[in-house]
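Laboratory data are not the source of any read-out in this text; all were calculated from the coordinates shown. Model, not experiment: these values are computed from the prediction. In this analysis, Cβ positions are derived from the backbone assuming ideal geometry, glycine residues included, and neighbour counts consider all displayed protein chains.
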Amino acid sequence: MADDSSSQPPLAKYLASSDKKTRDKAVKSLAKYLSENQGKALPKQEMAKLWKGIFYCYWMSDKPLVQQALSSELADLLLLISSTESAFAFLGGFWEAIVREWNGIDRLRMDKYYMLVRKFINASFRLLRRAEWENSALGTFNEVLTSPGGPLCPDDTRIPGSLTYHIVDIYLEELEKALSVASDPSSDTTFSELPAPLIPLLLPFFDLAARTSSSITHSRVSTGLIDPLLVALTTASSSDPPSKKRKFLTLSQQSDLSDLISKSCIDEPQKGVVQPAELRNAVLRSMFDVASGPDVKEANRRKLYAIWKVAKAEEEDIGDTS
């Protein structure tokens, strides 16, 4: 491999080499570059070239343990970048590459890319924790996810549905995992103990459910994220089981999300955690507000209102039994 100086990122051809030793050395060189060069992010064209190389570096990994280790190593690159702005630019490059290359991933490789996406979602939450959930960081994170080309953009028909569904399915789980970690040894980072502002983190999904033209996408957001969260918050708010109105949820969907709930707030981390009932009300209020927006698909509006109505009925049930 050519000079691995940290003055410039390793060339994509080394990252995508057929030789594992060359790829490994290129990843180490990239980690060194990212940790030592804290100036402006790479120009968009250079970022795209770099991420194409990283994508195929991962493509070439062909053993489960190697894939698992490499997916963690690549995601942890985010935490090596001390500038939050530059870290999100790097994250944006990841999502652009994933969206661009997703439909070319064959069936045998799909599971490992699902794992890579999971690792980057988790690392993104750890990055937000490092930034102490600053509003600017949250806004940039949501912009990366929801802008055209982002995996949760409701208007971009280029976004593969299977990618969006996977993010929906793992989002709360990975947030809970990220909140349970105290530090990151690889980047010498100690994470903030401030609670996660749940409403800003959920807004991309409320917006997606409200504005998507796909009934399948709307249904997946509802059953994969909104309903399980409301069930968990309802359960945490009362000693009684959730209302029979949510009987359609399978046991596998009914994670209690207890760590997430106990380490979350509405939207102001500095004020500390809030009670589950208060958090639940804030989630419902935010969802209702998004559903009431002017550019919401009418069918989606009705469905979100229906979720809100059922949840409010459950709230009355809790009040009657308390």
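Between amide H atoms placed 1.01 Å from N, distances below 5 Å from T189 occur with D184, all of them 5 or more places distant or on a separate chain.
Excluding same-chain neighbours fewer than eight residues apart, the aspartates and glutamates reachable from K309 by a Cα-Cα span under 18 Å are D227, E278, D289, E298, D317, D320.
Taking the Cα centre of the chain as origin and charging only Cβ (+1 Lys, Arg; -1 Asp, Glu), how large is the dipole, in debye to the nearest 20?
On the way: 39 positive and 42 negative charges, 206 e Å.
Charge dipole of the chain: 1000 debye, to the nearest 20.
Here the Karplus curve 6.51 cos²θ - 1.76 cosθ + 1.60, taken at θ = phi - 60°, turns the phi angles of region 123-133 into couplings of 5, 5, 5, 5, 5, 5, 5, 4, 7, 6, 6 Hz, with x standing for Gly and Pro.
Remark: region 11-154 carries a charge dipole of roughly 460 debye about the Cα centre, counting +1 on each Lys and Arg Cβ and -1 on each Asp and Glu Cβ. Remark: spin-label model distance S147-D289 equals 2.4 nm, labels positioned 7 Å along the Cα→Cβ axis. With θ taken as phi - 60° and the Karplus curve 6.51 cos²θ - 1.76 cosθ + 1.60 applied, the whole-hertz 3J(HN,Hα) list for region 52-60 is 5, x, 5, 4, 7, 4, 6, 4, 6 Hz, x standing for glycine and proline. Once backbone amide H atoms are built at 1.01 Å from N, S264 has A196, V274 as its partners under 5 Å, excluding neighbours fewer than 5 places away on the same chain.
Taking the chain as a Gaussian network of alpha-carbon nodes connected by springs under 10 Å, the highest mean-square fluctuation of the residues K13, K119, K21 belongs to K21.
Along its first, second and third principal axes, ordered by size, the chain spans 71, 38, 37 Å in Cα coordinates. In order along region 151-156, the Karplus-derived 3J(HN,Hα) couplings, from 6.51 cos²θ - 1.76 cosθ + 1.60 at θ = phi - 60°, round to x, 10, 5, x, 9, 9 Hz, and Gly and Pro are given as x. List the lysines whose Cα lies under 27 Å from the Cα of K49, skipping any in the same chain that are fewer than 8 positions away. In chain and number order, the partners are K13, K20, K21, K25, K28, K32, K40, K63, K112, K119.
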